[in-house]
Amino acid sequence: MRIKKEIHHIHDKSYKDLFSNKELLIDMLQNFVESSWIKEITKDNIELVNKSYILSDYEELESDIVYKATIDDREVIFYILLEFQSYVDYSMPIRLFLYMSEIWREVLKNTKQAEVKSKDFRLPAIVPLVLYNGEYKWTVEKKFKNIMNKSELFGNNIIDFEYILIDINKYEKEELMELKNLVSAVFLLDQKVDIEEFISRVKDIAIGFNNLTEEQKMMLRHWLRVTLSDELKGKLGEKIEDILIAKKEEVNRMTSNISKTIKETFQKTREEGMEKGIEEGIEKARQKDAEIVLKLLTKKFGSLDDVFKEKIEKLDSDKLSSIIENILDIESLQEVIKII
């Protein structure tokens, strides 16, 4: 049973909605990225850049989220480019390079030429970051120069950068449970697990993540509602996302009811499948008997007309068996007609 929707843009948008909140972005950076510059980022010096970047060939290639941070009195500006990815994409280094180029192009466009040409002018640093929630191992090159032909020949003479990868499926459940924040809750629920484990995680978050504010609980509930598969929603007796905002004494009852519903649905589906399989087996055997009867009658009496064949093909198993058993004693098609 599919737990999460497979449509990539739904997932991407749900993550984009979450990480448009700068406090959540900072939480993710502080807990899942090991770089010295992280300590320089605060909610007071970072802002969301509300802009799409379009390539020069007029083909729109919109980045997911871009943040801008101003550090120190000199206003050293750098950008955090956050890209959401649901599947392995080997063009990712190229995509990131194009995003970065367009950001720099925008900076140059809005800067006086005299300043650009001055000795002290500096382009803003851009940190590319990919958040990956796909099922398969991420095997894409992280260094840009590694996708260039004969890059080892040119050493430092060619352009290069390395993006940061956050692969949510590489983290252990215990690591995420220990953090007890909204980002780790999302990662827990977006990892590839079976339905029983998924329900157990919803329960653990509802009971154990006491640091979540009411606003964060509502954000998590909304994220879960839009990413759950329609297949799962249709099989649950209660809305599983409501567990996240339920009173703690109600959580056990709700998860127990959902687990019971899942088991009953599975058993019913299994029984229906067995019944369907039996019925299909009987029908296949009947069709096989009809083929045998037609071959025997054709061999004994010659060519059969289409109307007669159609009647034989529609006979039930008992009548077909009767013809097969008595084929040696049947002396004419009229005797067969009496049977059918």
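What ranking do Met100, Met177 get, fewest neighbouring Cβ atoms within 10 angstrom at the top?
Met177, Met100
At what distance in nm do the modelled label points of Glu196 and Glu152 sit from each other, each positioned 7 Å from its Cα along Cα→Cβ?
Modelled inter-label distance: 5.0 nm.
Projected area of the stretch 279-339, taken from the Cα convex hull and averaged over every viewing direction, in nm²?
Details: hull surface 15.4 nm².
For the stretch 279-339, the mean projected area of the Cα convex hull comes to 3.8 nm².
With just the Cα atoms defining each centre, how far is the stretch 121-164 from the stretch 174-214? Give it in Å.
For the stretch 121-164 versus the stretch 174-214, the Cα centre distance is 32 Å.
Can you work out the Karplus-derived ³J(HN,Hα) for every residue in the stretch 299-304? Use 6.51 cos²θ - 1.76 cosθ + 1.60 with θ = phi - 60°, whole Hz, and x for glycine or proline.
Each residue's phi maps through the Karplus curve to give 5, 8, 10, x, 4, 10 Hz.
Across the stretch 308-323, in residue order, what do the Karplus-derived ³J(HN,Hα) couplings come to in whole Hz, using 6.51 cos²θ - 1.76 cosθ + 1.60 with θ = phi - 60° and x for Gly and Pro?
Computed from phi, the couplings for the stretch 308-323 are 5, 4, 4, 5, 4, 5, 9, 5, 6, 4, 4, 5, 5, 4, 4, 5 Hz.
List every residue whose amide H lies under 5 Å from the amide H of Ile126, counting only residues 5 or more places away in sequence or on a different chain, with H placed 1.01 Å from N in the peptide plane.
Tyr79
Do any GluC sites (Glu not before Pro) in the stretch 133-218 lie in a loop, going by DSSP, with at most 13 other beta-carbon atoms within 10 Å of their beta carbon, and if so which? Working shown, then result.
Details: sites: Glu135, Glu141, Glu152, Glu162, Glu172, Glu174, Glu175, Glu178, Glu196, Glu197, Glu214, Glu215; in loops: Glu135, Glu141, Glu172.
Counting only loop positions with at most 13 other Cβ atoms within 10 Å, the GluC sites (Glu not before Pro) in the stretch 133-218 are Glu135, Glu172.
Whole-Hz Karplus ³J(HN,Hα) for the stretch 143-156, in order, using 6.51 cos²θ - 1.76 cosθ + 1.60 and θ = phi - 60°, x for Gly and Pro?
Coupling constants for the stretch 143-156: 8, 4, 5, 6, 9, 9, 5, 6, 4, 5, 6, 9, x, 7 Hz.
Expected output is a single nm value to one decimal: the length gained when fully extending between Ile38 and Thr298, i.e. 0.36 nm times separation in residues minus the C-alpha distance. What is it?
Numbers: separation 260, 0.36 × 260 = 93.60 nm, distance 8.45 nm.
Answer, rounded to one decimal: 85.2 nm.
For a footprinting-style exposure proxy, rank Lys319, Lys39, Lys16 by other Cβ within 10 Å, fewest first.
Working: Lys319 17, Lys39 9, Lys16 14.
So the residues, fewest neighbours to most, are Lys39, Lys16, Lys319.
Sort Ser91, Ser184 so the one with the fewest other Cβ atoms within 10 Å of its own Cβ comes first.
Numbers: Ser91 10, Ser184 23.
Least to most surrounded, the residues fall as Ser91, Ser184.
Values in this text are rule-based calculations from the coordinates and carry no lab data. As the structure is a computational prediction, the values presented were derived from the model and not from experiment. Here the Cβ is made from the backbone with ideal geometry for all residues, glycine too, and neighbour counts use every protein chain on show.
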